[in-house]
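*Asks:* I'd like to ask you about the structure that follows.
We did not get these values from a lab; they are worked out from the coordinates using the rules stated. Here the structure is a predicted model, which is why all the values come from computation and not from measurement. Using ideal geometry, Cβ is built from the backbone for each residue, glycine included, and neighbour counts are taken over all protein chains shown.
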Amino acid sequence: MDQTCISMKGVSAGYGGVPVLRDVSIALGRREVVGLIGPNGSGKTTTMKVIAGLLAPVSGELQYQGLSLSGMPPLERRLNGISYVPQERNVFPNLTVLENLETAFGVAGHRAKNTSLQERLDLLFTLFPRLAERRTQLAGSMSGGEQRMVAIAIGLVLPPTVLLLDEPTTGLAPHMVSQLMTTVESLCREQGITILIVEQNIISMVGIVDRLFILKDGVSQEYNDDPREIGQKNIWEYL
C-alpha cells in the first residue's frame, strides 16, 4: 500500500507572474515529521500555501492520499484533513481562547458531527496547559508566544491528517520552544498526524524530523543524511 500522504511533483508557482517555486517535488509519508528549511524568500511559505489551497500552482501535480487536489478549495481541504497554521498570529483577538477554538470548530458545521468538541478541547488543553489556564482570557491580550499556541490549537481543533506548521516557534521563549517541539513530535507519534514544519530555528527542529528538504532559489532537494547531523555542520552551506 502506498504510504505517501502528500505528493508534490514538479510544482511551479508564484505571485503576479513572478516565479517563486520552480519544479518543486516533495513527498510526505504517513505518520512522519518532515522539515523544510531554506533562506528567506526561497519559497517555504509558498509551498505550504500551495498545499493548503491558498495559492494555485502554475504547473505540476499535487496529490493527497493518492487523489488530486486540483480545484479543491481551502475549506474543503481543511475539512478533508489538511490543516495549515501560518506564521502570523492567526487568532481572533477579541475572543477568548475558548471562543477561538469553538469558532474554529464550528466551521465544519454538520460535518463535525462525528467529532466531539469537548474531546478535542480536552486534548488541546492537555497539550497546551497554559491555554487551559487562560481559556477565558482574550487572545489579543496574550503574549506573542501564547497567541502562537492558540493558533496551533486552532489548527488542531478539527482532527487533521496533515499539519502544516510555518515557523511555529516565532515569539516563543527558549524553554517553550523545546516544549513545543516535544508536542509536535507527540502529535505525529501518538496522534498519527503527518507534519510538515518550516522553521528558521533549525537546531530546535532537526531532533524531531524524520526527513529534511532544503529549498533554495525555488528548487527543492532532499537532505540525504541524518537530519540531526546538519546541526554538527555549517548550516549555511545548505542555505
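*Asks:* Return the residues of region 27-41 that are crowded, with 22+ Cβ neighbours inside 10 Å and out of contact with any Cys (no Cβ under 8 Å at 6 or more places or on another chain); say none if nothing qualifies.
*Replies:* Within region 27-41, Val34, Gly35, Leu36, Ile37, Gly38 meet the criteria.
*Asks:* Please work out which one of (1) assigned to a helix (DSSP H, G or I); (2) touching a residue at least 40 places away in the same chain (Cβ under 8 Å); (3) among the basic types (Lys, Arg) is the condition Arg111 fails and give its number.
*Replies:* Tallying (1) assigned to a helix (DSSP H, G or I); (2) touching a residue at least 40 places away in the same chain (Cβ under 8 Å); (3) among the basic types (Lys, Arg), Arg111 fails exactly one: (2).
*Asks:* Let me ask something else. Return the residue satisfying two criteria in turn: it lies in region 13-26 and is touching a residue at least 60 places away in the same chain (Cβ under 8 Å) and of a type outside the set (D, E, K, R), and of such residues it is nearest to Ser83 (Cα to Cα).
*Replies:* So, considering only residues that are touching a residue at least 60 places away in the same chain (Cβ under 8 Å) and of a type outside the set (D, E, K, R), the one nearest to Ser83 (Cα to Cα) is Ile26.
*Asks:* Looking only at residues that are among the hydrophobic types (A, V, I, L, M, F, W, C) and closer than 10 Å to Val97 by Cβ in region 142-153, which one is surrounded by the fewest Cβ atoms within 10 Å (Cβ to Cβ)?
*Replies:* Selected residue: Met142.
*Asks:* Of all residues being assigned to a helix (DSSP H, G or I) and within 11 Å of the chain's Cα centre (by Cα) in region 154-187, which is surrounded by the fewest Cβ atoms within 10 Å (Cβ to Cβ)? Just the residue, please.
*Replies:* Step by step, filter region 154-187, then rank; the result is Gly155.
*Asks:* Quick check: is even one residue across region 202-218 of a type in the set (Asp, Glu), under 30 Å from Ala108 (Cα atoms) and in a loop (DSSP other than H, G, I, E, B)?
*Replies:* No.
*Asks:* Oh, and also: Going residue by residue through region 202-210, is there one that turns out to be touching a residue at least 12 places away in the same chain (Cβ under 8 Å), β-branched (Val, Ile, Thr), farther than 30 Å from Gly14 by Cβ and buried (at least 18 other Cβ atoms within 10 Å of the Cβ)?
*Replies:* Taking every residue of region 202-210 in turn, at least one turns out to be touching a residue at least 12 places away in the same chain (Cβ under 8 Å), β-branched (Val, Ile, Thr), farther than 30 Å from Gly14 by Cβ and buried (at least 18 other Cβ atoms within 10 Å of the Cβ).
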